[in-house]
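Below is one structure; the comments refer to it alone.
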Amino acid sequence: MEKGSVAVPVTSLSDFETKFGEHVTGSYSWYSMKTFFEEGGVSAYFVKVNAAAGVAATKALAGVASAAGVTFTAVSKGVWGNSLGFAVTNNSTNFDVTVTYGGTTVFSGTGFTGLNALVTAVNADTTAANYVTCALSGGAVDATLLVTAASSAPSNGADGTVAKSDFITAIDLFTEELGAGAVAAPGVATGSSD
């Protein structure tokens, strides 16, 4: 998985893996960060280049009696979001929610008596913030309880094709406020000056 759309501080390879995922075949990012820290680097900023045509994965969870519930959205575009999983247990007076990525729990909350409490808990959770946001689905009412649902994943996340303008957009995220340093785009070389 590689995800993100802002310049994110990274202080170690394990920090990078927590925030952006482990090694992805065909990607130079993980190797670049590994080498940076092995060579004595202390802190870096990382941005995933997102294709403008990409799609962030979404998953709607329904309320009881087919009522509107909540919608989870991956924090950035790409097929990585299709590896998220969402499970709900309805306990008749409250509900529990678990969000996973690749089988690893990234959010778990119990005893929610309304949708707003779930939305607030997910969006305030520092680990979940690396993976998803949560919002009320259209027409949802706070007092609604979610219906029990076995773990299921979205299937609508898509990478799209990264264009030159997408790289420029990503590079623009490295501002003076981040401090002095160098910007690298591992794996990007055309052999021309365009």
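The values are calculated or read from the model by the stated rules, or taken from the named source; none is laboratory data. No experiment lies behind these values; they were computed from the predicted model shown. Cβ sites come from the backbone with ideal geometry, for glycine too, and all protein chains shown count toward neighbours. Please note that ligands, DNA and RNA were not included when accessible areas were found on the heavy atoms of the full protein model with its side chains. Shrake-Rupley method; radii C 1.70, N 1.55, O 1.52, S 1.80 Å.
What are the residue pairs meeting all of these: first residue in region 23-51, first residue assigned to a loop (DSSP other than H, G, I, E, B), second residue open to solvent by less than 50 Å² (accessible area, probe 1.4 Å) and of a type in the set (Asp, Glu), Cβ atoms under 9 Å, and 6 or more apart or on different chains?
Short answer, once both residue conditions are applied: Val24/Glu2; Ser27/Glu2; Lys48/Glu2; Val49/Asp166; Asn50/Asp166; Ala51/Asp166.
Return the only residue of Thr144, Thr113 being among the polar types (S, T, N, Q) and open to solvent by 70 Å² or more (accessible area, probe 1.4 Å).
Thr113
Assuming Gly139 fulfils every condition listed in (1) surrounded by 15 or more Cβ atoms within 10 Å (Cβ to Cβ); (2) more than 30 Å from Ser165 (Cα to Cα) apart from one, which condition is it?
(1)
Please go through region 88-105 and pick out each residue that is out of contact with any helix residue (DSSP H, G or I) (no Cβ under 9 Å at 6 or more places or on another chain), free of Cβ contacts under 8 Å to residues at least 40 places away in the same chain and open to solvent by less than 30 Å² (accessible area, probe 1.4 Å).
Within region 88-105, none qualify.
If the requirement is being of a type outside the set (Lys, Arg), closer than 21 Å to Val119 by Cβ, outside any helix (DSSP H, G or I) and in contact (Cβ under 8 Å) with a residue 60 or more places away in the chain, which of these qualifies: Ser108, Ser76?
Residue meeting the stated conditions: Ser76.
Rundown of residues vs (1) of a type outside the set (D, E, K, R); (2) on the phi > 0 side of the Ramachandran plot; (3) at pLDDT 95 or above; (4) touching a Gly at 6+ places or on another chain (Cβ under 9 Å), yes/no style:
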residue	(1), (2), (3), (4)
Gly114	yes, no, yes, no
Thr120	yes, no, yes, no
Tyr131	yes, no, no, yes
Leu136	yes, no, yes, yes
Val147	yes, no, yes, yes
Ser152	yes, no, no, yes
Ser155	yes, no, no, no
Thr161	yes, no, no, yes
